[in-house]
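To keep things clear, I will list the structure first and then write my remarks on it.
The values are calculated or read from the model by the stated rules, or taken from the named source; none is laboratory data. All values reported here derive from a predicted model rather than from experimental measurement. Cβ atoms come from the backbone with ideal geometry, glycine included; neighbour counts cover every protein chain shown.
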Amino acid sequence: MKFGKSHLVNLAMIVALIAIALIGQRFSPLLLPKADVTGTAEPGCDLQRRACPATLPQGGYLEFSITPRPIPFLQPLRVEVTVSGIEPRKVEVDFAGASMNMGYNRSELTAASPGRYASDASLPVCVSGGMTWVATVIVETDRQRIAVPYRFDVSH
């Protein structure tokens, strides 16, 4: 059986698509981490005014804060997470637009003191003016990945 040039091009495209799919499957947890446990932030807590606590379903406590307040666009932010009752191996904060894809905006926090993790971050500007954000605190322990989403609004 003899293959023409168009058959070879089609075969190469199929192989490339399969490779892209396999690579995407392999690295998708980096972009869309799966949580074993989802915590709930204190109802009505406003990150624009204060740190917000969350009680974790399997025990433990988490508190998340962003400064300065009010939270600005395109300026350095300080994000801090305080935990108790669990032993984190890794702590990250992922910022996502609630109604608009704003790209990959995740910061890994470093241990500042026992139970306290911090990092610098920034929010990209939104051309629509104001934006509702979801900051998901992701805490990995040796046994599970815990995610706690916090919603907040930022305007120009």
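Of all residues in the range 104-129, those that are assigned to a loop (DSSP other than H, G, I, E, B) and surrounded by 11 or more Cβ atoms within 10 Å (Cβ to Cβ) total 7. Would you mention how many residues in the range 98-124 are more than 21 Å from residue 69 (Cβ to Cβ), modelled with pLDDT of 85 or more and among the aliphatic types (A, V, I, L, M)? The number of residues fulfilling the criteria is 1.
Scanning the range 65-85 turns up at least one residue that is acidic (Asp, Glu), closer than 21 Å to residue 35 by Cα and at pLDDT 95 or above.
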